[in-house]
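So the structure is just underneath, and the comments pick up after that.
Rule-based calculations on the coordinates, nothing more; no lab input. Since this is a predicted model, take the numbers as computed values, not measurements. FYI the Cβ positions are ideal-geometry reconstructions off the backbone, even for glycines, and counts take in every protein chain you see.
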Number of protein chains: 2
Amino acid sequence: MLNQIELRKKATQVRQATALAHPNIAFIKYWGNQDHALRLPVNPSLSMNLGALHTQTTVTFDDSLQHDLLTINQQTYASDEPAYQRVCHHVDIVREWANIATSARIESSSNFPVGSGIASSAAAFAALSVASSAAAGLTLTEAQLSQLARRGSGSASRSVPTGYCEWTLGNDVDSVAVSIAPPDYWDLQDVVVVVSQEHKTVGSTGGHQLADTSSLQAARVVGAESRFNACREALLARDLARMGAIIEEDTVIMHGVMMSSHPPLYYWNAGTMRIIQATQQWRSKGLPVYFTIDAGPNVHLICEAAHVQAVVKAAKQLPEVQDVLVSGPGGPARLI
Amino acid sequence: MLNQIELRKKATQVRQATALAHPNIAFIKYWGNQDHALRLPVNPSLSMNLGALHTQTTVTFDDSLQHDLLTINQQTYASDEPAYQRVCHHVDIVREWANIATSARIESSSNFPVGSGIASSAAAFAALSVASSAAAGLTLTEAQLSQLARRGSGSASRSVPTGYCEWTLGNDVDSVAVSIAPPDYWDLQDVVVVVSQEHKTVGSTGGHQLADTSSLQAARVVGAESRFNACREALLARDLARMGAIIEEDTVIMHGVMMSSHPPLYYWNAGTMRIIQATQQWRSKGLPVYFTIDAGPNVHLICEAAHVQAVVKAAKQLPEVQDVLVSGPGGPARLI
């Protein structure tokens, strides 16, 4: 009798955790994998968490569930949708680590619009990793959380530690991100200039698999290491002029690889190019601002806090600009 | 007395020649030199002369002149202007080859606007080479004329032979262009879409010297040889789909090198990027057209004659387009 009660209790056991994570903007880009399944990158990368933007995710392991349930921004996903499969596959890793088989309810929402030029998968998989591992009863180190997040989305590894983060090469266990400076080390701002809200036709996961088809990728990888070291040094010296030249070079090199892959990936549009040109004009007039561009058309303008107003004002005057978001540095992925 | 008359006759001896040459559009680009003074390229290139466009140049060696006189499109150039010095330096080579010291009157005019996205120096130095060598009494082979033209402007070597030309690697004597097919071999058309008439801030000569400062240039050079071979084969097979993919890749790789050089060269503007994107949309709707872009913002749309009207119409609907020029294949540089 006691035994039956114990069993019934176990059958309805519920464990829940909620986590919050910020997206990040890469100064040295991640593009291409040594191992696609494990998302082990071919080059080190460097980024800043975006404190004003976040994704919040609640994971509830519930023995009464027959299968996982996924809701993103109030929208429920069916089990045959790619997002559902990617998320459940990620929770499977956590279940394996925790040695459980329980299904989960996963509810996630972001305070930034989809298609805003913010890589939503980084914040999503960082928050999912922190919430799901805690709900599963695991106590993971930051490195383990970064490893776990990386397996869901490479750049999510960089959304786990705080502030400014580097993600270095290694195997499944040690290719993880660590913080090189806290958010208050330097008040850099990311002015995200939205020139298109269309969904990209080739997502990052597919793009990474195309990287090696470009005849420029090998040279990009070789150069990325020295750009990474130089950018890291400039960042720690709070030298925006030096850092800015490196991040722009790194961006155009990544897009050169994209545009020369087979098939080619053209993420830039007319608005992107207008902002690239405008950035140089603004600088020539004394406004210290530098661009970086992820796998999409929208442009991230990087400047110090003192120049945010001027950058936002200048950006809003360009014809293709649909929206502008601003964020300073952010903290780590964390339970809330 | 006779002697004096002979002397006077000699003192007023006049030798004149007029030549015409077409600009060319490169399918495989020339970017970077092994030897800047001799303009020996780091990679082979491939082009089509543009028959509808030409530069006509008259060179008159006149013993009565104290120094060279240069007129381009009815505008006279002073001796301290870069264009004057570049042209006179070129005529100096001819004087050296002909063993004369006579000054010359050089009058040149083109039927296409400056700043139209047509590399005017190719036609200019091809016409100048043919006219000045003939006026100096030299009888040069096509290879020697191509060599001479190359020393004035690298791509001018390709405007000397007829139709479709390849310019291969070599030393001063054998790095010259030869025709691989006459103009009537294939009725390809270049629809030049003008999105800016501003003069470029960094000309090609300066740009070639920056090529080696890009970390992508070595990879570009390695890849250029196979692109050259594949493009040559596709051209001779009149296979536009195959050729088009190669010329677009070659273009974005060259611009990747330009944008990642130190300092970076951003030749593209918003209109350029809009046309790059539009070209892919047009193709997806069944219009077989491919882009190529020289060291400037204007875009050359390459298609077969049957599709010129549709391409021109489509291009004119894009907001940044200021002008559209059309040309089919052209003949060699020649005396007229």
Practice item. Tell me, for the rotation carrying B onto A, which chain B residue has the beta-carbon closest to the axis and what that distance is in whole Å. Key: B:Gly256, 1
**Study point:** Set of aspartates and glutamates with alpha-carbon distance to A:Lys316 below 15 Å, sequence-local pairs under 8 removed
**Key:** A:Asp190
Study note, to complete from the structure: Each residue of A:244-252 has, on average, a number of other protein chain C-beta atoms within 10 Å of its C-beta equal to 3
Practice item. For each of B:Ser284, B:Ser79, B:Ser133, count neighbouring Cβ atoms within 10 Å of the residue's Cβ, then give the residues from fewest to most. Key: B:Ser284, B:Ser79, B:Ser133
Point to revise | Shortest-first nm distances, A:Pro288 label point to equivalent points in other copies (7 Å, Cα→Cβ) | key: 5.5
Check your understanding: By how many nm would the segment from B:Ser109 to B:Gln197 grow when fully extended, if each residue of separation counts as 0.36 nm and the alpha-carbon distance is taken off?
Key -> 29.8 nm
Review point. Around B:Val91, with a cut-off of 14 angstrom between Cβ atoms, what is the net charge of the other residues, counting Lys and Arg +1 and Asp and Glu -1?
Key: 0
Revision key, fill the gap. With no solvent term and unit scatterers on the alpha-carbon positions of the protein assembly as shown, Debye gives log₁₀ I(q)/I(0) at q = 0.07, 0.12 Å⁻¹ of -0.55, -1.18
Review point. Can you list, shortest first in nanometers, how far B:Ser226 lies from the same residue in the other copies, with each label 7 Å from Cα toward Cβ?
Key: 2.5
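In peptide A:263-274, what is the residue-averaged number of other protein chain Cβ atoms found within 10 Å of each Cβ? Numbers along the way, then the final one.
On the way: counts 2, 6, 0, 7, 0, 6, 5, 15, 3, 4, 10, 6.
Whole-number average of other-chain Cβ neighbours for A:263-274 is 5.
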Study note, to complete from the structure: Non-local residues with an amide H under 5 Å from the amide H of A:Phe27, with H modelled 1.01 Å from N and Pro and chain starts lacking one, are A:Leu46, A:Ser47, A:Met48
Check your understanding: How would you order A:138-145, A:317-324, B:141-148 from highest to lowest mean count of nearby Cβ atoms within 10 Å?
Key -> B:141-148, A:138-145, A:317-324
Practice item. Distances from A:Glu304 to the same position in the other copies: list them in nm, one decimal, shortest first, using label points 7 Å from Cα along Cα→Cβ. Key: 6.0
**Study point:** FRET efficiency, 1/(1 + (r/R0)^6) with R0 56 Å, evaluated for A:Ser64 and A:Lys285 via beta carbons
**Key:** 0.35
Review point. Assuming R0 = 51 Å, what is the FRET efficiency of B:Ala241 and A:Val14, from their Cβ-Cβ distance, to the nearest 0.05?
Key: 0.30
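Please give the average number of partner chain Cβ atoms lying within 10 Å of the Cβ of each residue in B:211-217, rounded to a whole number.
Numbers: counts 0, 0, 0, 6, 10, 10, 1.
Shielding by partners across B:211-217 averages 4.
Compute the whole-percent fraction of alpha carbon pairs in chain A spaced more than 37 Å apart. Walk me through the numbers on the way to the answer.
Numbers: 9575 of 56280 pairs.
Percentage above 37 Å: 17.
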**Study point:** For the range B:223-233, Karplus couplings with θ = phi - 60° (6.51, -1.76, 1.60), whole Hz, Gly/Pro x
**Key:** x, 4, 5, 6, 5, 4, 5, 5, 5, 4, 5
Check your understanding: What is the range A:2-335's relative contact order, in percent, from Cα pairs under 8 angstrom and six or more apart in sequence?
Key -> 24
Check your understanding: Each label point is 7 Å from the Cα along the Cα-to-Cβ direction; what then is the distance between the points at B:Gln85 and B:Ala306, in nm?
Key -> 5.2
Exercise for review: May I ask for the angle, rounded to the nearest 10°, between helix A:240-259 and the longest principal axis of chain A, with both axes built from Cα atoms and the value confined to 0 to 90°?
Suggested key: 70
Exercise for review: Please arrange B:Phe125, B:Phe61, A:Phe291 by counting, for each residue, the other beta carbons lying within 10 Å of its beta carbon, fewest first.
Suggested key: A:Phe291, B:Phe61, B:Phe125
Check your understanding: What nm distance separates the two modelled labels at B:Gln34 and A:Lys316, each placed 7 Å from Cα along Cα→Cβ?
Key -> 5.7
Practice item. Using θ = phi - 60° and the Karplus relation 6.51 cos²θ - 1.76 cosθ + 1.60, list the HN-Hα couplings for the range B:261-277 in order, rounded to whole Hz, with x at every Gly or Pro. Key: 7, 10, x, x, 10, 9, 8, 6, 10, 4, x, 4, 5, 5, 6, 4, 5
Exercise for review: Just report the Cα centroid separation between the range A:269-317 and the range A:42-74, whole Å.
Suggested key: 30
Review point. Does a label point 7 Å from the Cα of A:Ala101, set along Cα-to-beta-carbon, have any residues of the range A:44-69 with amide nitrogen under 18 Å, and which are they?
Key: A:61-69
Practice item. Please give the calculated 222 nm ellipticity per residue for the protein assembly as shown, where each DSSP H segment of at least 4 residues contributes -39500 (n - 2.57) and the sum is spread over every residue; nearest 500 deg cm²/dmol? Key: -12000 deg cm²/dmol
Practice item. Could you please rank A:Asp68, A:Asp294, A:Asp92, B:Asp63, placing first whichever residue has the fewest other Cβ atoms within 10 Å of its Cβ? Key: A:Asp92, B:Asp63, A:Asp68, A:Asp294
**Study point:** Cα-based helix-to-principal-axis angle, A:142-152 vs chain A, degrees rounded to 10
**Key:** 80
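Net charge around B:Thr76, counting only other residues with Cβ within less than 14 Å of its Cβ (Lys, Arg = +1; Asp, Glu = -1)?
Within the 14 Å Cβ shell, the charges total -3.
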